[in-house]
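The values are calculated or read from the model by the stated rules, or taken from the named source; none is laboratory data. Computed from a prediction, not measured in an experiment: that's the story for all the values here. Backbone-built Cβ (ideal geometry, glycine too); neighbour counts: all protein chains shown.
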Amino acid sequence: MTGPLITAVELLERQSDVTILDVRYRMGGPSGPEEYAAGHVPGARYVDLDTDLADPPGEGGRHPLPDSARFEVAMRGCGVRADRPVVVYDDWSGLAAGRAWWLLRFHGHDEVRLLDGGWSAWVQAGGAVETGATVAARHDDLDGDFEARPGQMPVVEAGDVLEVPVLIDARAPERFRGEVEPLDPVAGHIPGAVNIPTSTNLAADGRFRSPEQLRALYAAAGVPTDDGAVVAAYCGSGVTAVHDVIALELLGVRAALYPGSWSDWITDSRRPTGRT
C-alpha cells in the first residue's frame, strides 16, 4: 500500500494482512461503542477518541495530544504491531479516524492508511459486517508490540504559529469568519490563516477528491502544493485539521499540525484574533 488512503476494495483484498481500528465518533452524534456494536468491519478493534486519542480537556485545548506512554498501551491493546499495516476508519468523513492515522504516524508507525469513504464505503463494497461489543476483548499491552516514538510528524505550537508562511484553518467558513462559535468561548480565527474547510476535500460520494482536484482547490486558496512548501493546519481542537493534512499528503506536501488549535490559542488573551 502507498499513500495515506486505502479503498474499500483494497481492504477487502488485504483484510487478513492488516490491523483494523474502528474510530467511530461524531461531535454531538451517536455513541461510538453503540455504533461499533451494531456493526463493524470483522476483526476491527474499537478506539475511543476521547480516552485513547486525547488527554482530558484543559491546558492544550479541548483534545490535547494523549500521553505517549498511554497511547502506546492503548494501541498495543488493539493489536497494533510495528511490522503489520494499520487501517483506520469511522463514519464521520474520516474526521475522527484521521486523528488515529496522524497519532500513529506521529509516534513512528509508517504503515497506516485511512479507509477512504469510511464505514459506508465498506458496506457499499459488500464487506462483511460483524456485530457485538468485541471491544471487550482488548488486553492492554498483550496483543501488540507497538513502541511509541513521538515526533515523526511535524507540529507547530502556539508560540510559532504566527511565523508559519501558510496557515490553514480547517473549520467551517462561518466559524472561521467569527459569525458563530458553537464550541469555544471566543469566535474568530488566527490572523493570517486561510480557510479550507475539511468538507471541501471530499467529493459527493464521501471520498477524497482526486489529487488534481485537490491541487486546484488548495492552489486557489493560496496554498503552495510543491513539496518545499511550509504549511500548517489547525481547527477547533486539533482533530479535524488532520483531514487537511491528509489531503495535502496526497499532493506530496507534509503539512504540520497545530495540535491545540483554536481551543488552545484562545486560552491566552494576549494572542491576537481575527474576524472576516
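In the set Thr276, Thr240, Thr200, which member is within 24 Å of Glu179 (Cα to Cα), of a type in the set (Val, Ile, Thr), surrounded by fewer than 13 Cβ atoms within 10 Å (Cβ to Cβ) and in contact with a helix residue (DSSP H, G or I) (Cβ under 9 Å, 6 or more places away or on another chain)? Spell out the reasoning first.
Working: Thr240 fails: surrounded by fewer than 13 Cβ atoms within 10 Å (Cβ to Cβ); Thr200 fails: surrounded by fewer than 13 Cβ atoms within 10 Å (Cβ to Cβ).
It is Thr276.
When Glu174, Glu181, Glu157, Glu163 are checked against the criterion of being at pLDDT 95 or above, more than 20 Å from Asp264 (Cβ to Cβ) and of a type outside the set (Ser, Thr, Tyr), a single residue qualifies: Glu174.
Considering only residues that are buried (at least 19 other Cβ atoms within 10 Å of the Cβ) and in a helix (DSSP H, G or I), look in the range 42-70 and name the one that is farthest from the chain's Cα centre (by Cα). Even if it seems obvious, please write down each step before you answer.
Restricting attention to the range 42-70, the residues satisfying the condition of being buried (at least 19 other Cβ atoms within 10 Å of the Cβ) are 44-47, 49, 52-54, 60-66.
Now drop any that are not in a helix (DSSP H, G or I), which leaves 49, 52.
Values: Leu49: 10, Asp52: 13 Å.
Only one residue fits best here, namely Asp52.
Consider Val180 carefully, then state whether it is part of a loop (DSSP other than H, G, I, E, B), out of contact with any Cys (no Cβ under 8 Å at 6 or more places or on another chain), of a type in the set (Val, Ile, Thr) and surrounded by fewer than 17 Cβ atoms within 10 Å (Cβ to Cβ). Judged against the criteria, Val180 is a match. Taking (1) under 24 Å from Val88 (Cβ atoms); (2) not in a helix (DSSP H, G or I) in turn, Arg271 satisfies each apart from (1). Yes or no: the range 51-69 includes at least one residue that is touching a His at 6+ places or on another chain (Cβ under 6 Å), at pLDDT 95 or above, closer than 23 Å to Gly126 by Cα and not assigned by TED's automatic domain parsing to the domain that holds Phe208. No - not one qualifying residue is present in the range 51-69.
Please tell me if Asp116 is surrounded by 14 or more Cβ atoms within 10 Å (Cβ to Cβ) and modelled with pLDDT under 95. Give the derivation first.
Working: surrounded by 14 or more Cβ atoms within 10 Å (Cβ to Cβ): yes; modelled with pLDDT under 95: no.
Against the criterion (surrounded by 14 or more Cβ atoms within 10 Å (Cβ to Cβ) and modelled with pLDDT under 95), Asp116 does not qualify.
So Gly118 clears everything in (1) on the phi < 0 side of the Ramachandran plot; (2) under 20 Å from the mean Cα position of the chain (by Cα) except one condition, right? Which one? Only one criterion in (1) on the phi < 0 side of the Ramachandran plot; (2) under 20 Å from the mean Cα position of the chain (by Cα) is unmet by Gly118, namely (1).
If you go through the range 230-276 and keep only what is modelled with pLDDT of 95 or more and on the phi > 0 side of the Ramachandran plot, you end up with Gly238, Ser261.
Taking the options Val164, Val253, Val155, name whichever one is in contact with a strand residue (DSSP E or B) (Cβ under 9 Å, 6 or more places away or on another chain) and crowded, with 21+ Cβ neighbours inside 10 Å. I'd like the intermediate steps shown before the answer.
On the way: Val164 fails: crowded, with 21+ Cβ neighbours inside 10 Å; Val155 fails: crowded, with 21+ Cβ neighbours inside 10 Å.
None of the others qualify; the one that does is Val253.
Checking the condition modelled with pLDDT under 95 and either assigned by TED's automatic domain parsing to the domain that holds Pro42 or within 30 Å of Ala204 (Cα to Cα) (or both), which residue from Ala97, Ala82 passes? Talk me through it step by step, then tell me what you get.
On the way: Ala97 fails: modelled with pLDDT under 95.
Being modelled with pLDDT under 95 and either assigned by TED's automatic domain parsing to the domain that holds Pro42 or within 30 Å of Ala204 (Cα to Cα) (or both) holds for just one of Ala97, Ala82, which is Ala82.
Examine the range 121-131 for a residue that is in a helix (DSSP H, G or I), of a type in the set (Phe, Trp, Tyr) and closer than 28 Å to Gly260 by Cβ, and state whether such a residue exists. No, the range 121-131 contains no residue that is in a helix (DSSP H, G or I), of a type in the set (Phe, Trp, Tyr) and closer than 28 Å to Gly260 by Cβ.
Taking residues in the range 35-58 that are under 12 Å from Ser237 (Cβ atoms), and partners anywhere that are charged (D, E, K, R), the pairs with Cβ atoms closer than 7 Å and at least 6 places apart or on different chains are Leu49/Arg99; Leu53/Arg99; Asp55/Asp67.
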